[in-house]
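The values are calculated or read from the model by the stated rules, or taken from the named source; none is laboratory data. Here the structure is a predicted model, which is why all the values come from computation and not from measurement. Because the Cβ atoms are built from the backbone with ideal geometry, glycine has one as well, and the counts that use them run over all protein chains shown. In case anyone asks, the SASA skips ligands and DNA or RNA and just uses the protein heavy atoms, side chains included. Shrake-Rupley method; radii C 1.70, N 1.55, O 1.52, S 1.80 Å.
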Amino acid sequence: PQYQQWMDAAAESHLLKMEAENTFEMTRAKFDSLSTEGQRPVSIDYLQGASVLIDTRTGAVLALYGGRSYDDYKFNLAMQANRQPGSIFKPIVYLTALEHGYMPSSLLLDSPVVIDTGVSLWRPKNFNNKFMGQITLRYGLSRSKNVVTAKLINDFGVGPVLAQARRLGVKTELPAVHALALGAGEVNLFEMVSAYAAFANHGVRVEPYFITRVETADGEILEENLIQQTEVLDAATAYMMCSLMASTLEEGTARGARWRGFTKTGAGKTGTYNNYTDAWFVGFTPSYAAGVWVGFDKKVSMGKHGTGAHMAMPIWADYMGKITGNKPDEPFVRPKGIVDRLVCLRSSMLATTNCDSTKSEVFLENNFPQRTCDMHGGTLQD
């Protein structure tokens, strides 16, 4: 119950703040005022939100926020609303890239591209319409670069990404198109939180459930939900995803979570769909996976500030900060099959004493750089 109260309070507080910041035609306060005067609007046009919190190890749903007012609107936006996920779908593309031989330090070219999809020519653009040239795979995910993600799915195809989404528990029918990489399909928040939970749970997906057990007054068990587990990733690959997605909170699009209340070990991804109609953040710790969606019931823009980082992530950081605040920090457990190597960020090779931009990076033990950097000279760094 405490988690539910924190979630409810975080959502309503932030949504009221967003209504105050913007010039939305309808707000919840205005809706309530009109209803009191007997002029209740036919449609629910004020800003909405949804949120889900589950236990990553058992699948137990610990809190659920389906909308701002059940009296006004009985549609459960967390479980029944299918919306375009935007960039929160990207981790599934990057997971597929890891399984096709890419590494966190793999170099990707962030530059204009025209992709022949077989049906039409696709010209993906970055959020800010700027290009950075050569970047690493880790940087591309943490900064949510659209063009490099589009290039990845063009490399290995849509089919493997669709199959990956299914394994992770995305049950909604998804389109077999290249733009899927940038969230062109429709999903609901509940299944995306469940999918992310597998990363935190060492690659094991758990089926979410609401009711643990139903008993009679005499203690006879009428119904019981047992934990349903399915291994969908090996533990080392799941750890790699945790590491990559932790960069989003440390230095990427969700770094604001640190000053909004969440300070513990965590990982996640922001999402913003075209024209700012849908704002998302889904994140997790080793114990909890949670997500937030913000938008209008109708597909209308929230304005230029309607991003996942601005509209959704602060709600997550607020209640997840309270949930984890008095608990010891929980690191993601490093399994067997992971190695560290110091790499040159300009060549993606093993760093030398002359490399001017280096990073200690994690790799799968069967897929890490083998060659010493040949751009800068020098000897191999220990």
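Yes or no: segment 175-189 includes at least one residue that is assigned to a helix (DSSP H, G or I) and closer than 30 Å to GLY337 by Cβ. Among the residues of segment 175-189, at least one is assigned to a helix (DSSP H, G or I) and closer than 30 Å to GLY337 by Cβ, which makes the answer yes. Pairing residues of segment 109-131 that are farther than 9 Å from VAL147 by Cα and in contact (Cβ under 8 Å) with a residue 60 or more places away in the chain with residues that are in a strand (DSSP E or B) and open to solvent by less than 70 Å² (accessible area, probe 1.4 Å), at Cβ distances under 6 Å and at least 6 apart in sequence or on separate chains, gives ILE115/TRP122. Considering (1) open to solvent by 10 Å² or more (accessible area, probe 1.4 Å); (2) more than 22 Å from MET245 (Cβ to Cβ), the lone condition that TYR139 does not fulfil carries the number (2).
Here THR379 clears all of (1) out of contact with any strand residue (DSSP E or B) (no Cβ under 9 Å at 6 or more places or on another chain); (2) at pLDDT below 95 except the condition numbered (1). Just one of (1) surrounded by fewer than 20 Cβ atoms within 10 Å (Cβ to Cβ); (2) touching a Gly at 6+ places or on another chain (Cβ under 7 Å); (3) at pLDDT 95 or above fails for TRP316. It is (1).
I'm trying to understand the selection: among the residues of segment 152-174, which are part of a loop (DSSP other than H, G, I, E, B) and either open to solvent by 30 Å² or more (accessible area, probe 1.4 Å) or polar (S, T, N, Q) (or both)? Scanning segment 152-174 gives LYS171, THR172, GLU173. Taking segment 219-293 and the strands (runs of 3 or more DSSP E) fully enclosed by it, the elements with 1 or more residues that are out of contact with any Pro (no Cβ under 8 Å at 6 or more places or on another chain), under 20 Å from GLY308 (Cα atoms) and open to solvent by less than 20 Å² (accessible area, probe 1.4 Å) are at 267-272, 278-284. Restricting segment 16-43 to residues that are under 28 Å from ALA289 (Cβ atoms) and not charged (D, E, K, R), the residue that is most open to solvent (accessible area, probe 1.4 Å) is LEU16.
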